[in-house]
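The values are calculated or read from the model by the stated rules, or taken from the named source; none is laboratory data. All values derive from a computational prediction rather than experimental measurement. Methodologically, a virtual Cβ is constructed for each residue, glycine included, from the backbone with ideal geometry; neighbour enumeration extends over all protein chains shown.
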Amino acid sequence: MALATYKDLSIDAVDAERAARFWAAALGLEAKALDDGDRMLAGPSERHAIWVNEVPEPVTVKQRVHLDIHAGSVDDVMALGASAVDLTSFRWKVLRDPEGGELCVFERETVPAYRLYEVVIDAREPERMATWWSDVLGARVEHKEGFSSVVDIAGAPFEALVFQVVPEPKTVKNRIHWDVTVEAVGLLLGDGATVLRPQDDEVAWTVLADPEGNEFCAFEPA
């Protein structure tokens, strides 16, 4: 039984307008300006939404969370403002977005209208983290060498959360995170999450960290 349900994604950016323009075009979404200067990328449902939040901190280290996307050609994504990192070592192409964050492009003969493929997370213990998130989201786990994927996530507009093994620990706040809806935040605390910032008069959500410190936001019903 799921403790929470997938809600949406958030991306931090120094230049929210530029980042929103890039990701909207790369993913097949519509960028909308918000009153506070942030941006929202809208799609065919509320769970396709991506919030682009302006922050003062630039990218300084490799992102522990990145997006894999579908594209007809890596050149199409580079034309939007991405730059090449590694175009030959893998069956996918590794790029940097205009903010310097990593993303991977999977070239397809047929490209869907909405082009987010997977959300990929670095982990010291990918099997443990995938199992933890599958329990939270009531989903299923698939294990492969070096990777553990959470699949069949109810409502998620992408195929999987993919945890890949890395040797280094987390050192800075993730620039990409996902949000969940939960009947009571306490359900997640009992399952191993910790509170980073409680809900208060300024924010209508609770900021949490999973067992490896990845930030996510939990929304309780109004």
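Scanning region 213-222 for residues that are assigned to a loop (DSSP other than H, G, I, E, B) and over 16 Å from the mean Cα position of the chain (by Cα), we see that the one that is modelled with the highest pLDDT is GLU220.
Scanning region 194-208 for residues that are out of contact with any Ser or Thr (no Cβ under 7 Å at 6 or more places or on another chain) and modelled with pLDDT under 95 yields a total of 5. With respect to being free of Cβ contacts under 8 Å to residues at least 60 places away in the same chain, touching a Cys at 6+ places or on another chain (Cβ under 8 Å), within 25 Å of PRO211 (Cα to Cα) and outside any loop (DSSP other than H, G, I, E, B), VAL120 fits the description.
For PRO126, the conditions (1) at pLDDT 95 or above; (2) surrounded by fewer than 22 Cβ atoms within 10 Å (Cβ to Cβ) all hold with the exception of (2).
With respect to PRO157, is the statement that it is part of a loop (DSSP other than H, G, I, E, B), under 24 Å from SER45 (Cα atoms), touching a helix residue (DSSP H, G or I) at 6+ places or on another chain (Cβ under 9 Å) and not aliphatic (A, V, I, L, M) true? Criteria met by PRO157.
Here is a check on your reading of the model: is ASP135 in contact (Cβ under 8 Å) with a residue 60 or more places away in the chain, crowded, with 16+ Cβ neighbours inside 10 Å and of a type in the set (Asp, Glu)? So ASP135 passes the test.
Looking at PHE90, PHE22, which one is aromatic (Phe, Trp, Tyr) and either out of contact with any Pro (no Cβ under 6 Å at 6 or more places or on another chain) or surrounded by fewer than 20 Cβ atoms within 10 Å (Cβ to Cβ) (or both)? Unique residue meeting the criteria: PHE90. Condition test on ALA154, is it loosely packed, with under 13 Cβ neighbours inside 10 Å, under 23 Å from ASP8 (Cβ atoms) and touching a residue at least 40 places away in the same chain (Cβ under 8 Å)? Spelling it out, ALA154 is indeed loosely packed, with under 13 Cβ neighbours inside 10 Å, under 23 Å from ASP8 (Cβ atoms) and touching a residue at least 40 places away in the same chain (Cβ under 8 Å). Looking at VAL105, VAL94, VAL59, VAL65 in this structure, which one is touching a strand residue (DSSP E or B) at 6+ places or on another chain (Cβ under 7 Å), more than 30 Å from GLY138 (Cα to Cα) and aliphatic (A, V, I, L, M)? Criteria check complete, one pass: VAL94. Residues of region 165-212 that are assigned to a strand (DSSP E or B) and in contact (Cβ under 8 Å) with a residue 40 or more places away in the chain: VAL165, ILE176, HIS177, TRP178, ASP179, VAL180, THR181, VAL182.
Residues are listed down the side, and each one gets a yes or a no for (1) over 20 Å from CYS217 (Cβ atoms); (2) at pLDDT below 95; (3) of a type in the set (Asp, Glu); (4) surrounded by fewer than 16 Cβ atoms within 10 Å (Cβ to Cβ):
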| residue | (1), (2), (3), (4) |
| --- | --- |
| PRO44 | yes, no, no, yes |
| TRP51 | no, no, no, no |
| VAL105 | yes, no, no, no |
| ALA113 | yes, no, no, yes |
